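The values are calculated or read from the model by the stated rules, or taken from the named source; none is laboratory data. Because the structure is predicted, anything quoted here is derived from the model rather than measured. Cβ coordinates were reconstructed from backbone atoms using ideal geometry, including for glycine residues, and neighbour counts include every protein chain displayed.
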Amino acid sequence: MHFEGDEGGRRQEGADDAWMATHGGSSQSGLVGWLRRHRGQFTAVVSGAAVVATLVGFGAFLADRDQPDSSPGARGSPTSETTDEAARSDGSAPTDGSGALAAAASDPPSETETLRFEAEDAELTAPMRAESSFDASGGALIYSDVTNQGAARIDFEIEVGGQYWIWGRVSAGDDPNATTDANSLAVSLDGQTVDVWDFFENESLPSIGLRWERVSVRCAGDFDNHFCDPWQPRLDPGPHTLTLLAREPLSRLDVLVLTNDEEYVPDQ
């Protein structure tokens, strides 16, 4: 076997045949001789095949890379995207995609708990006092007629921990000597920082009678900007104390309701 046009190969083939006849060479030795004669062409063929195999393999790699990876957790797959937003491996907070922290959604309570307190049943500190009123739920409400003096303390205990909302049935005062509208109280929970609860904001006063208002506090804002609107304190199970402090005279309170049901709206 030889390549056509290879004169050197034919001469070498004759020499090898003569060598085999002289030395009693076998067919295996003949194969060795053939490889010697054609090693240049054989090397070229093998090298070319290696190049072709390399190109074919690289082409297959490119084709495979462009195919979407549907395995769980693959980049770009719904599983990976959901996992990235729901719980990051480094413990960092999820974002809304722009780098800003996403608002944390509160989990619904395992069971609802709603407590109702008549204001006149609170522990009162003078000059905060109770006064009979025909339209009050329990026949009385509380108020102070002195600016920033007087308090009402309500002790309570809850069984279900979590986020709570507070409603109050309030009315604005009508003191003709007051220089400002009497429509605010100060509040403090468990001895924490006292904050201002303004009610009936931007409404005509004092024509408003008793009405339910969900408590909102300023949280370093002002009358027109309540940054905690509504107020949503997070409470642990157990005893707590809510303190209401007089601020503007004749701001009246009839009832308070504490609930962990965000959709709850008192009707009486």
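Things to note:
- Residues that are modelled with pLDDT of 95 or more and of a type in the set (S, T, N, Q), drawn from the stretch 137-152: S144, N148, Q149
- Residues satisfying the stated conditions in the stretch 251-268, i.e. out of contact with any helix residue (DSSP H, G or I) (no Cβ under 8 Å at 6 or more places or on another chain) and either over 15 Å from A126 (Cα atoms) or surrounded by fewer than 20 Cβ atoms within 10 Å (Cβ to Cβ) (or both): V257, L258, T259, N260, D261, E262, E263, Y264, V265, P266, D267, Q268
- Entry remark, the stretch 214-228: residues being closer than 24 Å to E123 by Cβ and either in a loop (DSSP other than H, G, I, E, B) or among the small types (G, A, S) (or both) number 1 in total.
- A count restricted to the stretch 219-268 and to residues that are of a type outside the set (A, V, I, L, M, F, W, C) and within 17 Å of Y164 (Cα to Cα) stands at 19.
- Total residues in the stretch 229-243, condition β-branched (V, I, T) and outside any strand (DSSP E or B): 0
Residue by residue, here is whether (1) over 20 Å from E248 (Cβ atoms); (2) touching a Lys or Arg at 6+ places or on another chain (Cβ under 7 Å); (3) modelled with pLDDT under 95 holds:
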{"residue": "G97", "(1), (2), (3)": "yes, no, yes"}
{"residue": "L124", "(1), (2), (3)": "no, no, no"}
{"residue": "S132", "(1), (2), (3)": "yes, no, no"}
{"residue": "D135", "(1), (2), (3)": "yes, no, yes"}
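- Inclusion of E203 among residues that are in a loop (DSSP other than H, G, I, E, B) and either touching a Ser or Thr at 6+ places or on another chain (Cβ under 7 Å) or at pLDDT below 95 (or both) is warranted.
- Residues (at pLDDT 95 or above and closer than 26 Å to D267 by Cβ) located in the stretch 171-196: L185, V187, L189
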